[in-house]
1. Taking a virtual spin label 7 Å from the Cα of Lys91 along the C-beta vector, which residues in region 165-202 bring their backbone nitrogen under 18 Å of it?
2. Once you list every other residue whose beta carbon is under 10 Å from the beta carbon of Asp150, what net charge do they have if Lys and Arg are +1 and Asp and Glu are -1?
3. Keeping all protein chains in place and using 1.4 angstrom, which order do Lys149, Lys140 fall into by accessible surface area, from largest down?
4. Hey, any idea what % of region 17-70's accessible area is carbon plus sulfur with a 1.4 Å probe?
5. Just the accessible area for His177, please: 1.4 Å probe, Å², rounded to the nearest 10?
6. Could you order Met169, Met16 by accessible surface area, starting with the largest, using a probe radius of 1.4 Å?
7. Search the structure for amide H atoms under 5 Å from the amide H of Tyr56, placed 1.01 Å from N in the peptide plane, and list their residues when 5 or more places away or on another chain.
8. If you rank Tyr181, Tyr102 by how much accessible surface each has, with a 1.4 Å probe, what is the order from largest down?
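The values are calculated or read from the model by the stated rules, or taken from the named source; none is laboratory data. Owing to the predicted nature of the structure, the values given are computational and were not obtained by experimental measurement. So basically every Cβ, Gly included, is an ideal-geometry build from the backbone, and we count neighbours across all protein chains shown. Ligands, DNA and RNA are excluded from the accessible area calculation, which covers all protein heavy atoms including side chains. Shrake-Rupley method; radii C 1.70, N 1.55, O 1.52, S 1.80 Å.
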Amino acid sequence: MKFKKKKPKQERSQLMVESIVEAAARILNEEKKENFTTNNIAEVAGVSIGSLYQYYKNKESILEDLLLKNVIKNIEMLLDEKVIDNEVDTKTFIRTIVTAQYDAWNERSILSKKLMQVAPKILDPSFILKNDEKLIMHFKDLIEKYAVKDIKSDNLDISLLLVINAVRMGIYQSFLHPDKYDSKIVLEEMIELITGYLVEPV
């Protein structure tokens, strides 16, 4: 099942998509989660509901872009800076992809907490599964693109699935309970845990 119905190609279309995603962020950041509807998102974005539905099937598909778009963009940008001899060191790769996800949530701390509260309630299991499948494909592409060595190749899809869910849970706990879990400590422990799990022993 595909959520996004139309891929924006022209600059005007791209700006419209960005305005829709930004409107969704504003609603989550400033208003009650009950106001997170396609009608309200279209109104705040200044577009017609028909225009919104040209690019997004529902509010879940908008949330997908809000959750993943910046993370994926930031990871590739950071990895591009760390290429040495056409490859990226394995431990550097792991630290980058985990840290980028944490940084994305930190960038808008209030919005992050709202997303944490809203996402589990409006996302059905099929959405979460599709989201994870996209991340798995993306991370596999990154491993190949940056010639990352020493990553366990046996059952890689399953390994990446477990990593994605471990990172998600670490982020959830540290952002929903900041008084109990220090996000910096959680991040470092998560990097150590995932590095030990994904890197083939010498």
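1. Only 187-202 fall inside the zone, counting backbone N under 18 Å.
2. +1
3. Solvent-accessible surface, decreasing: Lys149, Lys140.
4. Summing carbon and sulfur atoms, their accessible area is 43 percent of the total for region 17-70.
5. 80 Å²
6. Highest to lowest solvent-accessible surface, that is Met169, Met16.
7. Lys5
8. The ranking, largest first, comes out as Tyr181, Tyr102.
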